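The values are calculated or read from the model by the stated rules, or taken from the named source; none is laboratory data. Treat the numbers as computed from the prediction; the structure is a model and nothing was measured. Cβ: placed from backbone, ideal geometry, glycine included. Neighbour counts: every protein chain shown.
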Amino acid sequence: MSGAILGISAYYHDSAAALLVDGKIVAAAHEERFTREKHTSEFPQHAATYCLEEGGLQISDLDCIAFYDKPYLKFERLLETYHAFAPQGLKSFTSAIPVWIKEKLFMRKMLNDSIAKLGDGKVKILFPEHHLSHAASAFYPSPFEEAAILTIDGVGEWATATIGVGKGNSIKILRELDFPHSLGLLYSAFTYYCGFKVNSGEYKLMGLAPYGHPDSEQTNLFKKKIVDHLVDIREDGSILLNMDYFNYATGLTMCDDKKWLQLFSIPKREQESELNQVYMDLALAIQQVTEEIIYLMVQTAKKLTGSKYLVMAGGVALNCVANGKLLRGSIFEDIWIQPAAGDAGGALGAAYAAWHIGQGKPRQIVQGQDSMEGAYLGPEYGSDDIKRTAKKYKAPYTYYEDFEELCKVVADLLDQGMVVGWFQGRMEYGPRALGNRSILGNPCLPDTQKKLNLKIKYREGFRPFAPAVLEEDISEYFDLDRPSPYMLLVAQVRENRIKPLPENYNRMKMYERLYHLRSDVPAITHIDYSARIQSISKKTNERFWKLIYTYKQKTGYGLVVNTSFNVRGEPIVCTPEDAYRCFMRTEMDYLVTGNYIFHKKDQPKLVETDDWKTKLKLD
Ligand SMILES: [Fe+2]
């Protein structure tokens, strides 16, 4: 037994691989970052190869490979669902089932064939259930010896949500909610109806919700219609969906558009069409209903376990607005959420389940610290890689021997309102960029948000940006009394930083409201005065911490705007070459990779000076 386990998630969306050696995470990465196909469902050939290389291992060295769900159970669910809903399902049965017969039923063969491409040698494959993988990804790397576990997603094999308890190295699932009744799929149905893509647009729907008018007649009517017609919410947080309104069990779309039109009196929004107030109110209504259901589930988890702490995973756990409210609700003393809460994190969870449950190995917990290493678990690149990219693209750059000097230059650029690509160290695992594959901006300037959305990210103007704040400065800016290292908590900007609203505010159009200055850090203050916070600790990301610290020395502000290093529709960059190409395709001003600052050929070059102010000079 080598103690090495490779976890795999694949064939649905967000494929990924993770390597655990003696219970410690050695590497974890999403396949999309290597193939550049966002949310790819392909077997994670590149991610798995990277993980093995990082561990210096061959396939034959592994104890086993752990796959993140049980394909046969999933197949059984599909057959039974079609049977139960026949004959409505016949059309999609004939189009979906052949795919399953071809691909899913023979998953074992597909898996074996793909694994064979990773190298020679026979290796055992284990199949922990999907929600057990999520539960394992939430509990085992958490800082708690004992905790209640809540997993919520669209659907695994049958389960759509579970409540469990973790103690030492064991996990016990206590309650399970089964397909077709699913909070994740309910939220996805609204994502679809509001004109966003299912499985990726949920985050946009959450971002849209605060533009809805709280307590307006329209929002309240939508909420009433949701709970009267679509979802029966029980006291324990379990739900029953009225399947007359949903198509996902048998059809090829999420919901019955005609019935939803009758119910809500608004048609399905076409993708990319203008966002009207009514869709914002609908987004707010479903966000509020979702929060109520999560809250009830969390209360049940408390009742069933009596634990002090809660851990969460599954795609719905990425709903950071709900998470912030949970924390303020104080049902549990503390909450830890797996940063790769979606299906990519299932790869890590499956490996953990194989180690602690399959092999019965004990957990080693460092008190007060999780085992995710800040989620910086992906590949990193050195000076040679950066120089190779510079040579290939004849890219102009300035090299800084002294990193602290570089921080001063970048702090100065940010202060001048420049947008800077920041590429350092190991790539993040999970959907958020946490300061190693990030684009940074000045949080105090009124036009940072507009510039980032429209000129760099090429995405909807309403999308908010998040602050990366020095861990020790969180409570200077936000009503939050603890670190939020994975950008999974939302809290309010502190009252003393807030500016009053004009009288005609409610009559303003969405975009006018969006760009209204709400605080002294407007670029990260959301429309409802909240912020999606990431705290930076010197311990887990010293380089990013140093940059923000230097920025604070210069400006007095211990925070910057942090958004993921990608453009709309593309995965976050992985290599220095990806970063350079993204830099050149956008109006980003400067790119920092390692100790190199790249500029554009027609842009001012940075010239080092002995004083703190760096001068800009045209080539
Ligand atoms: Fe899942």
Inset, instruction - Filter the stretch 308-326 down to residues that are part of a strand (DSSP E or B) and within 16 Å of the ligand (Cβ to nearest atom) and give me whichever is surrounded by the fewest Cβ atoms within 10 Å (Cβ to Cβ). - result: VAL311
Inset, instruction - Return yes when ARG518 is within 18 Å of ASN442 (Cα to Cα), surrounded by 22 or more Cβ atoms within 10 Å (Cβ to Cβ) and not β-branched (Val, Ile, Thr) and no when it is not. - result: no
Legend entry - Residues that are assigned to a strand (DSSP E or B) and either in contact (Cβ under 8 Å) with a residue 24 or more places away in the chain or crowded, with 19+ Cβ neighbours inside 10 Å (or both), drawn from the stretch 163-178: ILE163, GLY164, VAL165, GLY166, SER170, ILE171, ILE173, LEU174, ARG175, GLU176, LEU177
Legend entry - Restricting the stretch 327-358 to residues that are over 14 Å from the mean Cα position of the chain (by Cα), among the β-branched types (Val, Ile, Thr) and farther than 15 Å from ASP63 by Cα, the residue that is farthest from the ligand (Cβ to nearest atom): ILE331
Legend entry - Set TYR68, TYR82, TYR50: member being at pLDDT 95 or above, buried (at least 17 other Cβ atoms within 10 Å of the Cβ) and of a type in the set (Phe, Trp, Tyr): TYR50
Inset, instruction - Would you kindly identify the helices (runs of 4 or more DSSP H) lying entirely within the stretch 179-241 that contain at least 2 residues that are free of Cβ contacts under 8 Å to residues at least 60 places away in the same chain and out of contact with any helix residue (DSSP H, G or I) (no Cβ under 7 Å at 6 or more places or on another chain)? - result: 217-225
Legend entry - Hey, ARG518 basic (Lys, Arg) and at pLDDT below 95 or not: yes
Legend entry - Subset of the stretch 1-22 [modelled with pLDDT under 95 and away from the ligand (no atom under 12 Å from the Cβ)]: MET1, SER2, GLY3, ALA10, TYR11
Inset, instruction - State whether the residues of the stretch 252-265 include one that is out of contact with any strand residue (DSSP E or B) (no Cβ under 6 Å at 6 or more places or on another chain) and of a type in the set (Phe, Trp, Tyr). - result: yes
Inset, instruction - Please indicate, with yes or no, whether at least one residue in the stretch 89-103 is surrounded by 15 or more Cβ atoms within 10 Å (Cβ to Cβ), at pLDDT 95 or above, among the hydroxyl-bearing types (Ser, Thr, Tyr) and part of a helix (DSSP H, G or I). - result: no
Legend entry - strands (runs of 3 or more DSSP E) enclosed by the stretch 409-518 - at least 1 residues per element that are in contact (Cβ under 8 Å) with a residue 24 or more places away in the chain, farther than 30 Å from GLY329 by Cα and touching a strand residue (DSSP E or B) at 6+ places or on another chain (Cβ under 9 Å): 420-423, 437-441
Legend entry - Residues satisfying the stated conditions in the stretch 284-307, i.e. in a helix (DSSP H, G or I) and of a type in the set (Gly, Ala, Ser): ALA285, ALA301
Legend entry - Evaluation of LEU275 against (1) within 28 Å of ILE233 (Cβ to Cβ); (2) touching a residue at least 60 places away in the same chain (Cβ under 8 Å); (3) assigned to a helix (DSSP H, G or I) (one fails), failing number: (3)
Legend entry - Residue match in the stretch 162-174 (condition: within 30 Å of LYS258 (Cβ to Cβ) and within 15 Å of the ligand (Cβ to nearest atom)): no
Legend entry - Of the criteria (1) touching a strand residue (DSSP E or B) at 6+ places or on another chain (Cβ under 6 Å); (2) assigned to a loop (DSSP other than H, G, I, E, B), which one ARG532 fails: (2)
Inset, instruction - Starting from the stretch 117-141, keep only residues that are on the phi < 0 side of the Ramachandran plot and among the small types (Gly, Ala, Ser), then list their pairs with residues that are surrounded by fewer than 21 Cβ atoms within 10 Å (Cβ to Cβ) and in a helix (DSSP H, G or I) whose Cβ atoms are within a distance under 9 Å, requiring at least 6 positions of separation or different chains. - result: ALA136/ILE357
Inset, instruction - Considering every residue within the stretch 526-548, establish whether at least one is crowded, with 21+ Cβ neighbours inside 10 Å, over 19 Å from LEU488 (Cα atoms) and of a type outside the set (A, V, I, L, M, F, W, C). - result: no
Inset, instruction - Starting from residues that are within 11 Å of the ligand (Cβ to nearest atom), outside any helix (DSSP H, G or I) and under 18 Å from the mean Cα position of the chain (by Cα), keep the ones in the stretch 106-155 and report whichever is surrounded by the fewest Cβ atoms within 10 Å (Cβ to Cβ). - result: VAL155
